[in-house]
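Enquirer: To start, I am sharing the structure in question, which I have written as structure tokens.
The values are calculated or read from the model by the stated rules, or taken from the named source; none is laboratory data. Worth saying up front: this structure is predicted, and the values here are computed from it rather than measured. Heads up, the Cβs are rebuilt from the backbone with ideal geometry, glycines too, and the neighbour counts pull from every protein chain shown. Areas reflect the complete protein model, heavy atoms only, side chains present, ligands, DNA and RNA absent. Shrake-Rupley method; radii C 1.70, N 1.55, O 1.52, S 1.80 Å.
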Amino acid sequence: MELVGSTLASTRAHPRSAPANLLPAISAMASSYKNRFPHYALPPCLGLPWRPDAYYKTASVTPTLAPYSRSSQGLTPSKMLPFVSNRTTLFTRYTPDDWYRSNLTNYKESETSRHSAERLRVDTSQMIHDKDQQTKKTQAESTKNLGERVNDIEFWKSEIRHELDEMIGETNALTDIKKRLERALAETEGPLQVAQECLLHREKRMGIDLVHDDVEKELLTEVDVIGSCQERMQRYLDKSIAQLASNRAAQHELEKDLADKQTAHRIDDKCHHLRNTSDGISYYRGVERVDATISVPASWAKFTDDNILLSQSERAASSKLRGDIENLLVVTANEMWNQFNRVNVALTNRIAETADAKNKIQTHLAKTLQEIFQTEMSIETIRKAIRDKGPPLKVAHTRLDERTRRPNVELCRDSAQIRLVNEVHEIDDTIQSLQQRLRDAEDTLQMLVHAKSTLEHDLAVKANSLFIDQEKCMGMRKTFPNALRLVGYV
């Protein structure tokens, strides 16, 4: 039984605490979530989203009748009103109007609370719907951006692959022509050695045949031509080695960029296909505050474009170098072949001249030998003629000597005496003429012998020169490399 005068609304001064949680327990669901919630603290309004703040504010307001209740609590037991059954006088605290006004106030407050709760509920539902749509839209835009990014990466990957294939093909082509150039350069050593050996062999010519003839001029020109060809080949070989290094550097940059883009494509494609129901999604604290980017789309695209442009530039330079090397191989092969032919023509002409000179020398030598034989025979004839004049001279001398012994007047200068004297003079003149002719014949014989010796030496010289030019030089020059070897194909 309540005491008379007790506060009717005293139980509202301290509202009953609501249950800690009206939603179903999530302990059964917690095991399926391996990660914690985001690290940032939720605002107070989101701590318990099902408990409206307005409720607490309304419940915490002290009712209008509460002061009367609190004032009654301060009364001493002696001052408390007696029980109604003990009251002998009528005593009231409120009027009926107060009672109606109190009820109306409570009704209005209840209605206001309900309207506020309903508006909050509707607004909350709309906000949840809007945020859900916004989240889906944002996620769709992110997915779309990731898809576009994947397409961009795929485009640049295809461009890099195409350029990489072209660069690999160009590098292989340059490597092949570099090997051809190396083989062609090695092939020039043989002709150069042949030309130098021909010059050394021709230094072994003797006497008058050591002339600076057309063959020697062409051989010296051939050595210069081959040396010039070797110098140009070596210069282009060095260029090809440097160009191959540049090609491989550009190829390395493309391969590195392609590997990075493949990794980025795999990552972005995985991100593009992630959904809210995908496995492996989780919270990562502070990941949105980590900015590990080092490029922007413009610089990202420019980096790959620069790599491709660099590769194209190096590829163009490599292609031009290949063309130059191809032309060089053809030009040098033609130059060496033309000079080789000129040397051969000069050698052939010189061999013909030497052979003709040798034949003429042999003819003259044969005539000289015949003339020597005839001269020797003539000398013997003259000597015999001189010897044959001895007996007639002796007879004439004896006659004159015997006639000197004639006595006295018999020593007459008669016609016989005159004729004998004339005979002696004639025979002496004849002997003197024959002796002079003998000396002339002997001098002629010596001259013929000297001519014979000269012709024989010259014949030996021509034979030696002919052997050097025909056997040694022309024999070596038969092994000159063919055109295919000179351009490096074999």
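Enquirer: Any chance you could count how many residues in segment 321-343 are aliphatic (A, V, I, L, M) and either open to solvent by 30 Å² or more (accessible area, probe 1.4 Å) or touching a strand residue (DSSP E or B) at 6+ places or on another chain (Cβ under 9 Å) (or both)?
Expert: 2
Enquirer: Of everything in segment 229-248 that's in contact (Cβ under 8 Å) with a residue 12 or more places away in the chain and out of contact with any Leu (no Cβ under 8 Å at 6 or more places or on another chain), which residue is least open to solvent (accessible area, probe 1.4 Å)?
Expert: 229
Enquirer: Considering only residues that are closer than 28 Å to residue 165 by Cα, open to solvent by 60 Å² or more (accessible area, probe 1.4 Å) and not basic (Lys, Arg), which ones fall in segment 264-294?
Expert: Across segment 264-294, the qualifying residue is only 267.
Enquirer: Taking residue 280 and the conditions (1) outside any helix (DSSP H, G or I); (2) on the phi < 0 side of the Ramachandran plot, which numbered condition does it fall short on, given that it satisfies the others?
Expert: (2)
Enquirer: Right, residue 446: open to solvent by 60 Å² or more (accessible area, probe 1.4 Å) and in contact (Cβ under 8 Å) with a residue 40 or more places away in the chain or not?
Expert: No, not satisfied.
Enquirer: Does segment 388-400 contain at least one residue that is open to solvent by 80 Å² or more (accessible area, probe 1.4 Å), part of a helix (DSSP H, G or I), in contact with a helix residue (DSSP H, G or I) (Cβ under 7 Å, 6 or more places away or on another chain) and under 30 Å from residue 214 (Cβ atoms)?
Expert: For segment 388-400, residues open to solvent by 80 Å² or more (accessible area, probe 1.4 Å), part of a helix (DSSP H, G or I), in contact with a helix residue (DSSP H, G or I) (Cβ under 7 Å, 6 or more places away or on another chain) and under 30 Å from residue 214 (Cβ atoms): absent.
Enquirer: Looking only at segment 194-209, count every residue that is in a loop (DSSP other than H, G, I, E, B) and either under 19 Å from residue 341 (Cα atoms) or open to solvent by 90 Å² or more (accessible area, probe 1.4 Å) (or both) and tell me the total. Let's see the steps before the verdict.
Expert: Step one: of segment 194-209, the residues in a loop (DSSP other than H, G, I, E, B) are 203-206.
From the residues that got through so far, the ones that are either under 19 Å from residue 341 (Cα atoms) or open to solvent by 90 Å² or more (accessible area, probe 1.4 Å) (or both) too are 203-204.
Counting residues in segment 194-209 that are in a loop (DSSP other than H, G, I, E, B) and either under 19 Å from residue 341 (Cα atoms) or open to solvent by 90 Å² or more (accessible area, probe 1.4 Å) (or both) gives 2.
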